[in-house]
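Here is the structure we will look at.
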Amino acid sequence: MDTNELMRIRGEQVTLERERREKVSQYNTEASALQAFINGLHFKRTASEDWLLEETARLKRIWELQTAIAGLDERIAGLKRVSGI
């Protein structure tokens, strides 16, 4: 593998790692909000339909972020294998 190819792979890896950090940050924000909602339920013992719909949407976003993070992890690992980095 020549230097240009290694540089291209490393650049792609850096981009994917940055994207992964952003997704992890979004995931942490969503998970924290969900935990706050759950904690609030313990005190209120009831939830409106709107809250439940909103939290269902949040769970979907969390799942999507987890899936995206796993995909980025796989791509980063593949680049590391190819480049030997």
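On a per residue basis, the chain carries 73 Å² of accessible surface, using protein heavy atoms and a 1.4 Å probe. Relative to the longest principal axis of the Cα atoms of the chain, the long axis of helix 3-44 lies at roughly 10 degrees.
Between residue 75 and residue 29, the simple spin-label model (points 7 angstrom out along Cα→Cβ) gives 2.0 nm. Its residues counted as N, the chain yields a C-alpha radius of gyration over 2.2 N^0.38 Å of 1.58. When the Gaussian network model of the chain links Cα atoms closer than 10 Å, the mean-square fluctuations of 26, 13, 35 top out at 35. With all protein chains in place and a 1.4 Å probe, the accessible surface of the chain carries 56 percent carbon and sulfur.
Using the Cβ-Cβ distance between residue 14 and residue 61 with R0 set to 30 Å, the FRET efficiency works out to roughly 0.70. Our helix-only sum for the chain, with -39,500 (n - 2.57) per DSSP H run of n ≥ 4 divided by its residues, gives a mean residue ellipticity at 222 nm of -33500 deg cm²/dmol. Going by alpha carbons, how many degrees (0 to 90, nearest 10) lie between the helix axis of 49-83 and the longest principal axis of the chain? Roughly 10 degrees, rounded to the nearest 10.
The values are calculated or read from the model by the stated rules, or taken from the named source; none is laboratory data. Since the model is a prediction, treat every value here as computed from it, not as a measurement. Virtual Cβ from ideal backbone geometry, glycine too; neighbours counted across all protein chains shown. Note: accessible area is taken over every heavy atom of the protein model, side chains too, but ligands, DNA and RNA are not part of it. Shrake-Rupley method; radii C 1.70, N 1.55, O 1.52, S 1.80 Å.
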